[in-house]
């Protein structure tokens, strides 16, 4: 009897361990309209929430879906397991592995390009897994951060919020080579007011009259790839788009050397300046998920 109980306990333990290790990054072919031949990979936890939230995570230049999954945002799958949400890791086949954040197609709602392919991925998950359309989010670093900005601008009807790391505002690549870093100042030396930056974002979906997505952004003061000035330009842009003004800073938040810049009451827009941090600020999943309203 004792032996039987022990055997049953061991069976349950090993079965549970095996189940916990089955979730992994998997490829999804034929997910829908895909004008720029993107690839789609997903992480689906073994136990999903009812109407699971969705986060799409575009990779940096030179990156890949697998690299972003395993090295860039390493603890995000753990939170996905805990919260029962689905992660989408897309990839672009371009030589530079940079996202198209410049072409008229990609910068326009339902215009085509990379953004339409990414939205097809979201719609696929919403349908297949009965996802929550009110809880769709995006986060990315570097080129992925630039794409995050563009998705929020071009598809405000799809996303509830987004978080950018080491990115740049919508429209900053105007007049430069697409799909290329092209230098540390992506706006090519141009200076715009908050209203002008805001117009670049609004123009991506001029007909939208609903509530625009909430916005979070992070940038290191020592970034030599995507210049630190882009943090201020993003804050100008989304402050204008969201109609919220800067109300104050919180020093050493969420850690020493970081400054949190609060707009309005902080629920719709926040920025983080990381003193001495270079390109691609370390991923802060907990702060992001709290801002998204998932924690």
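Structure notes:
- Segments classed as strands (runs of 3 or more DSSP E), wholly inside region 182-295, with at least 1 members that are within 26 Å of residue 82 (Cα to Cα): 214-220, 269-274
- Pairs where the first residue, in region 215-243, is within 21 Å of residue 284 (Cα to Cα) and the second is part of a helix (DSSP H, G or I), C-beta under 6 Å, 6+ apart: 215/238; 216/291; 217/234; 219/231
- Matching residues, region 21-45, being touching a helix residue (DSSP H, G or I) at 6+ places or on another chain (Cβ under 8 Å) and at pLDDT below 95: 23, 25
- Restricting region 50-61 to residues that are touching a strand residue (DSSP E or B) at 6+ places or on another chain (Cβ under 8 Å) and in a loop (DSSP other than H, G, I, E, B) leaves a set whose member that is surrounded by the fewest Cβ atoms within 10 Å (Cβ to Cβ) is 52.
- Which numbered condition residue 87 misses (of (1) in contact (Cβ under 8 Å) with a residue 60 or more places away in the chain; (2) under 28 Å from residue 225 (Cα atoms); (3) within 15 Å of the chain's Cα centre (by Cα)): (1)
- Residue 226, sole failed condition from (1) modelled with pLDDT of 95 or more; (2) buried (at least 17 other Cβ atoms within 10 Å of the Cβ); (3) out of contact with any helix residue (DSSP H, G or I) (no Cβ under 7 Å at 6 or more places or on another chain): (1)
- Residue count for region 122-131, restricted to those that are surrounded by 15 or more Cβ atoms within 10 Å (Cβ to Cβ), farther than 16 Å from residue 162 by Cβ and out of contact with any helix residue (DSSP H, G or I) (no Cβ under 7 Å at 6 or more places or on another chain): 5
- The listed residue being over 21 Å from residue 69 (Cα atoms) and crowded, with 22+ Cβ neighbours inside 10 Å, out of 85, 116: 116
- The numbered conditions (1) in a loop (DSSP other than H, G, I, E, B); (2) free of Cβ contacts under 8 Å to residues at least 60 places away in the same chain; (3) within 18 Å of the chain's Cα centre (by Cα); (4) closer than 21 Å to residue 128 by Cβ are all true for residue 47 except (3).
The values are calculated or read from the model by the stated rules, or taken from the named source; none is laboratory data. Keep in mind the model is a prediction, meaning the values are calculated, not measured. Neighbour counts are summed over all protein chains in view; Cβ atoms, including those assigned to glycine, are modelled from backbone coordinates with ideal geometry.
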